[in-house]
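Here the structure comes first, spelled out in structure tokens, and everything after it is commentary.
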Amino acid sequence: MNLKWRHVGAGALVALLLSAQGAFAGGLDRLRAFVQDTKSGEAQFTQTNLSAKSGQAGSTSSGLFQFSRPGRFRWEYLKPYPQTIVGDGQTLWIWDPDLKQVTRKKLSNSLGSTPAAILAGDNALEKGFSLQEDGQSDGLEWVLAIPKTRDSGFERVRLGFDGTSLARMELHDNFGHTILIRFSGFKMAPHFAPDTFHFTPPPGADVIQ
Amino acid sequence: MKASQALLAALVFLLAGCASWSPTSPPADQVTGHGALRGFRFSGRLAVQQPEGTDTGKIEWSSHGTQVHVDLLSPFGSTVAQLDQTPQHVHLLLSDQREYSAPDAEQLTESVLGYALPLDGLPWWVRGRAAPGDGTARLIPGQDGHPEQLVQAGWLVRYGAWRSVGGEVLPVALSLQRESLTIRLHIDQWTLERGSE
């Protein structure tokens, strides 16, 4: 290839890249917009856990996810049984009324284990994961997030964005087990009850630090 | 999420106990009562208290023939640890890729926890019975006729709720306590496999 053709080739490549970027906001752009512009929000979620062996849907659960950046969230399962998970910025609280036990953990130690903590962080995703575009499917723009360390418990996480916000999340753990989360009814900057991101152990609950 | 020491203790305790049950030595009532039990599955939640800390998670247990498979999951459902056992071998794999192998469950508790726990009774306790062949076991019935407490092998087992599953009444809420270790179990689903191979 002579010099002239090489120049033409490079120019065409640049033009192609520019037009591809301009044609739509990719998953990474939507992720950045979601983190920067949505300081607080809430959504209903439905979660399906797929078995590693059969790939068949196992348990399905649903509830409400609320968050306020940086790092405060409430992930509340309502079905099939109630369970409340609250991150107040420092501490992760897990309250299971059937077990009658409150579990407390340092949030920094458990960030990777909770989709809520990943989503509610200011830069948790950029800090803990390598991010890349993962194309379009189901009408969503996808981002692939690969943890930088093995501690997260996940092999990879996929985030699917529709025009306005996060619509889906797929978490693939190190054992071939997949958790699918669908968000719906997303509200930006909703009015939160004052104690949304504080956890007060209910009477009769065992709390041991 | 890394498995905390508390959660590991519970897992190893549960697995070693349940894994020590095998069809080669079934308790008499499993053979002559409602029909031989080929295996059982349960899924539920557990909470662990130790001086070192507390933890909670989900457990999915499956015993079939001499094979045992256990998944220990975070409350969100990501796998924290996975256990497989055959009569010759126990293998424990953690989400941070630490692995443990031992010829049997008892030796696994030694290498994972640093101490051995007496575990043989668990397959009976989890079904609301005392392990046979031990004259020192004390079973204290409650007002509903089901056991309320069971004391055996240094463990205090307390029963909460019960549910009828395939003609058998099984615990759905129980706690197991020994010295400073307490494990609470809430079983969301029981499945019994009956009939012989």
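The values are calculated or read from the model by the stated rules, or taken from the named source; none is laboratory data. Note that the structure is predicted; figures quoted are calculated from it, not measured. Using ideal geometry, Cβ is built from the backbone for each residue, glycine included, and neighbour counts are taken over all protein chains shown. Heads up: the accessible areas ignore ligands, DNA and RNA and are worked out on the full protein's heavy atoms, side chains in. Shrake-Rupley method; radii C 1.70, N 1.55, O 1.52, S 1.80 Å.
Assorted remarks:
- Here is the figure for the stretch B:77-108: residues that are loosely packed, with under 15 Cβ neighbours inside 10 Å, under 16 Å from B:Q67 (Cα atoms) and either aliphatic (A, V, I, L, M) or without any contact (Cβ under 8 Å) to a residue 40 or more places away in the chain (or both) total 6.
- Exactly one residue among B:V48, B:V70 is touching a residue at least 40 places away in the same chain (Cβ under 8 Å) and surrounded by fewer than 24 Cβ atoms within 10 Å (Cβ to Cβ), and that residue is B:V70.
- Considering the stretch B:179-197, and only residues there that are open to solvent by 60 Å² or more (accessible area, probe 1.4 Å) and within 12 Å of another protein chain (Cβ to nearest Cβ), the residue that is nearest to A:V102 (Cα to Cα) turns out to be B:S180.
- The single condition from (1) within 14 Å of chain A (Cβ to nearest Cβ); (2) at pLDDT 90 or above that B:V151 fails is (1).
- Failed criterion for B:G114 (all others in (1) surrounded by 12 or more Cβ atoms within 10 Å (Cβ to Cβ); (2) modelled with pLDDT under 85 hold): (1)
- Residue selected from the stretch B:124-166 under the condition in a strand (DSSP E or B) and of a type in the set (V, I, T), by the criterion most open to solvent (accessible area, probe 1.4 Å): B:I140
- All conditions but one from (1) surrounded by fewer than 24 Cβ atoms within 10 Å (Cβ to Cβ); (2) at pLDDT 65 or above apply to B:G57; the one that does not is (1).
- In the stretch A:74-90, the residues that are in contact (Cβ under 8 Å) with a residue 40 or more places away in the chain and over 19 Å from A:L180 (Cβ atoms): A:R74, A:T84, A:V86, A:G87, A:D88, A:G89
- Taking the criterion of being open to solvent by 50 Å² or more (accessible area, probe 1.4 Å), under 14 Å from A:F34 (Cα atoms) and small (G, A, S), the only residue of the stretch A:111-164 that qualifies is A:G163.
- Residues in the stretch A:169-187 that are surrounded by 13 or more Cβ atoms within 10 Å (Cβ to Cβ) and more than 14 Å from every other protein chain (Cβ to nearest Cβ): A:R182, A:F183, A:F186, A:K187.
- Residue within the stretch B:167-178 that is open to solvent by 20 Å² or more (accessible area, probe 1.4 Å), in contact (Cβ under 8 Å) with a residue 24 or more places away in the chain and over 20 Å from B:A137 (Cβ atoms) present: yes
- Of residues in the stretch A:69-105 being crowded, with 16+ Cβ neighbours inside 10 Å and of a type in the set (A, V, I, L, M), the one farthest from the chain's Cα centre (by Cα): A:L99
- From the list A:L144, A:L50, A:L159, A:L125, the one residue that fits, being within 12 Å of chain B (Cβ to nearest Cβ) and over 18 Å from A:F197 (Cα atoms), is A:L50.
- Residue in the stretch B:52-68 that is at the interface with chain A (Cβ under 8 Å from one of its Cβ atoms), charged (D, E, K, R) and under 19 Å from B:L174 (Cα atoms) present: yes
- Qualifying strands (runs of 3 or more DSSP E) (wholly inside the stretch A:118-209; at least 1 residues being within 20 Å of A:G27 (Cα to Cα) and charged (D, E, K, R)): A:129-137, A:140-147, A:154-161, A:166-173, A:178-188
- Within the stretch B:71-110, the residues that satisfy the criterion of being within 12 Å of chain A (Cβ to nearest Cβ), within 15 Å of the chain's Cα centre (by Cα) and of a type in the set (D, E, K, R) are B:D71, B:D84.
- In summary, A:L99 fulfils each of the numbered conditions (1) more than 12 Å from chain B (Cβ to nearest Cβ); (2) outside any strand (DSSP E or B) with the single exception of condition (1).
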